[in-house]
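Undergrad: Quick one: the structure is below, and I'll ask about it shortly.
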């Protein structure tokens, strides 16, 4: 019987080929997982930055109104990209009056203040405003909270009504 040279190596190329295919497949799966993780990280960072901007915009909107007349919690719809679609809903907690100090020796900061707001009857009040943006637009489930402090000049009657 005649022996065929290299006959004992039959099928070895098939086994080596299959092992190489498995290794290449594992490398591709790993690369896809890394790319997906990077995409999620960038998406979460973008959500965070946009949510902070939306919170700041909502806080500015609130403090530009007469919020000290009747402090209350409210939800403010914010359109970041100005396409007439609400991008974020910002929940503003009820503003809290932290402190009030009589405004001694300081002239009123505006000429449009009513005459009843003399130096003796004005109070510098400090308010804490908390804005929260939930995870509606974010697959990662992140929540962003922005806290702002604002000083408001009030009359004594207004201070007695809202700052106890």
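Each reported figure results from applying straightforward, stated rules to the coordinates on display, with no laboratory input. It should be emphasised that the depicted structure is a prediction, and the values quoted were computed from it without experimental measurement. Here Cβ is always computed from backbone atoms with ideal geometry, including for glycine, and neighbour counts include all displayed protein chains.
Undergrad: Given a Förster radius of 41 Å and the C-beta distance between residue 22 and residue 98 as r, what FRET efficiency does 1/(1 + (r/R0)^6) yield to the nearest 0.05?
TA: Working: r = 64 Å, r/R0 = 1.55.
Plugging the Cβ-Cβ distance into 1/(1 + (r/R0)^6) gives 0.05.
Undergrad: What list do you get for 160, 128, 81, 87 if you sort them by fewest beta carbons within 10 Å?
TA: Sorted ascending by nearby Cβ count, the order is 81, 160, 128, 87.
Undergrad: Give me the distance in nm between label points sitting 7 Å out from Cα along the Cα-to-Cβ direction at residue 15 and residue 161, one decimal.
TA: About 9.0 nm separates the two model spin labels.
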